[in-house]
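Right, one structure below, let's go through it.
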Amino acid sequence: MTGVGTIVRKELEDHFSSYRFVILFALITMVSLITTYMVGISLRDELGGIAKPKFIFLMLFTSTGPLFSLVQFVAFFGPLIGLVLGFDSINRERSNGTLSKLASQPIYRDAIVNGKFLAGVVTIIIMMSSILLVVSGLGLALIGVVPGIEEVWRIFIYLIISVFYISFWLGISILFSIVFRSIATSALATLALWIFFSFFISMGASVVANTFVPINQTSRENPEAVMKHAKIQRAVSLISPMQLYNDSTSIIIDPTRKTTRSLILMGPIEQFSLKRFSRPLNLLQSITVVIPHIITLIAITFICFAISYIVFMKQEIRSI
Amino acid sequence: MDQKPVIETHELTKSYLNHNVVDNLSFDVKEGEIFGFLGPNGSGKTTTLLMLIGLTEATKGWARVAGHDPTREATKVKRTVGYVPENIGFYSDMNAKENLQFLARLNNIPDSVSSKKIKEALEKVGLKDDADKLTGAYSRGMRQRLAIAEILIKEPKIVFLDEPTLGLDPDGTSRIIQHIQSLSREKNITVLLSSHDLKQVQKISDRIGIMINGKMIALGTLEQLAEEKLGVGDREISLDDVYMKYFQEV
Ligand SMILES: Nc1ncnc2c1ncn2[C@@H]1O[C@H](COP(=O)(O)OP(=O)(O)O)[C@@H](O)[C@H]1O
Ligand SMILES: [Mg+2]
């Protein structure tokens, strides 16, 4: 592992002194604070006078408020953190001629990729934990409820999943910076992939489901067809890391949710009464429900990392 | 010089899309020697150097650098070789000292040792007064001298210099040439110097190899090459003449 430490150190110094990082951090902190503030205010108003329900602290993260919830925000915007941290990591060195120098020093070539990835992950951890701390602090001040041990654990697990999720995007962007020689190309490619997964997969999922099991006037009455349609739609949308992330974090952060499936063939009144009388999942049960999602998320991170490796190890490094 | 070879290649070949850019190259460089590696643009000099330091893989043949295989024992080779590429790059948002310190760390030289070395090296190459300037603001000549400072920090047994005088003014060129000479004389570093600047190479090279279209078409001391091509006359031998003679034949 010679050289990894040196590279991590330099990369961290670079990240923390770059405008890019400062702007990104400021942006995310701002949005998080605004979101939490609005959610906190509305929670306080709604809960005024009535007995505080369990897990109210977690609602700070899941309640949508007038805009969106913090969890939704991270799911959508988190990838951008990873992408911005990595999209030019290798090809910038290549075009500056510093890659030749790095690669001709007595370090293993993988130390370059590893060092950059690790420094990115550390940056992501620091970013996400400070945001969660700030949000928790503000929430505490607004609703005046101290989180219980289980809630703290759930937030911690949420943090870990988020770090993996954003690291996946970091891995993708590093891969693109290896494959594409031009920085503009790798920036565009990462952006395109992000948009593809954000919007097109969910659209595509319903298109695919509709082709296999068309839902029309007659089949709408048939519960089997409806179920099948929903199943296909889900299977397709699980290609998207965003879906994986959304599913797993919503279970972890919301103990009353018991399944990652969104289709429930029940009327709203029935659902409501069921929710009221059933006990929330305990932490271990929640984790059990989402463990496949988490493993998949980690696996795709490693796969894209492995591809980076294979490509970079064989690549010719010429100072152009 | 009658020493053992520190660089050896045997039928070393690199092809891109079935075209041999380096074609069955066999030569060696002896310890302590300055080897002038000559050839027009596109003749395969850089590609050869890349294969020797493991930045690209040979298609065929083998090479040994300080007794190691550059592909399979890349780190060992990189420990003994200092490589100055054609377009030497520095981190433009760091100053000269920081760039050198990073290089020292990559070579496992602790900061306590390197700080003194960095000062000495910068002084030696005449960059003492610019040590705190960002390297993004360095001129081409300053960058080349900073690259020499890197060599002084790393203290390798062998250096590969790819067109080190390219784009320099006469003053800058002669300074670099002097530095290369002193690396060889004072530290007994073996130098493999690729260039198309004949006059400069002639001044300092112990032996010369001329490469055209991926083939080494001539190899030897300047006198040997002159004898072979021009017949030894009483006029001063110039590498230009020798080179042109070879060039016309291809
Ligand atoms: N990645 C590549 N793909 C195809 N051809 C290449 C590649 N890199 C270099 N070449 C070709 O190899 C030849 C030798 O290049 P090079 O070793 O850089 O020559 P020199 O350093 O002697 O000027 C050139 O004709 C160049 O166009
Ligand atoms: Mg060249």
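Here are the numbers for the structure shown:
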item	result
For B:Asn213: the one exception among (1) within 16 Å of ligand 2 (Cβ to nearest atom); (2) open to solvent by 50 Å² or more (accessible area, probe 1.4 Å); (3) within 18 Å of the chain's Cα centre (by Cα)	(3)
Top-ranked residue in the range B:1-23 [being open to solvent by 70 Å² or more (accessible area, probe 1.4 Å) and within 15 Å of ligand 1 (Cβ to nearest atom); ranked as nearest to the other protein chains (Cβ to nearest Cβ)]	B:Tyr16
Some residue of the range B:78-86 being at the interface with chain A (Cβ under 9 Å from one of its Cβ atoms), closer than 23 Å to B:Arg140 by Cβ and small (Gly, Ala, Ser)	yes
Members of the range B:70-92 that are within 16 Å of ligand 1 (Cβ to nearest atom) and open to solvent by 10 Å² or more (accessible area, probe 1.4 Å)	B:Tyr83, B:Glu86, B:Asn87, B:Ile88
Meets criteria (under 16 Å from the mean Cα position of the chain (by Cα) and either modelled with pLDDT of 90 or more or within 19 Å of A:His15 (Cα to Cα) (or both)) for A:Ile195	yes
Residues located in the range B:24-44, provided they are away from ligand 1 (no atom under 16 Å from the Cβ) and of a type in the set (S, T, N, Q)	B:Ser26
So A:Phe16, is it of a type in the set (Phe, Trp, Tyr) and either in a loop (DSSP other than H, G, I, E, B) or within 14 Å of chain B (Cβ to nearest Cβ) (or both)	yes
Count of the range B:119-164 residues which are away from chain A (no Cβ under 14 Å), open to solvent by 10 Å² or more (accessible area, probe 1.4 Å) and outside any loop (DSSP other than H, G, I, E, B)	12
Pairs with Cβ under 6 Å, 6+ apart, first in the range A:87-100 and more than 9 Å from every other protein chain (Cβ to nearest Cβ), second surrounded by fewer than 21 Cβ atoms within 10 Å (Cβ to Cβ) and not in a helix (DSSP H, G or I)	A:Asn91/A:Arg181
Only listed residue being more than 12 Å from chain A (Cβ to nearest Cβ), open to solvent by 30 Å² or more (accessible area, probe 1.4 Å) and either closer than 19 Å to A:Ile112 by Cβ or within 16 Å of ligand 2 (Cβ to nearest atom) (or both), chosen from B:Gly42, B:Gly61, B:Gly67	B:Gly42
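The values are calculated or read from the model by the stated rules, or taken from the named source; none is laboratory data. Here the structure is a predicted model, which is why all the values come from computation and not from measurement. Note: ideal-geometry Cβ built from the backbone for every residue, glycine included; neighbour counts use all protein chains shown. The area values use the complete protein model at the heavy-atom level, side chains included, leaving out ligands, DNA and RNA. Shrake-Rupley method; radii C 1.70, N 1.55, O 1.52, S 1.80 Å.
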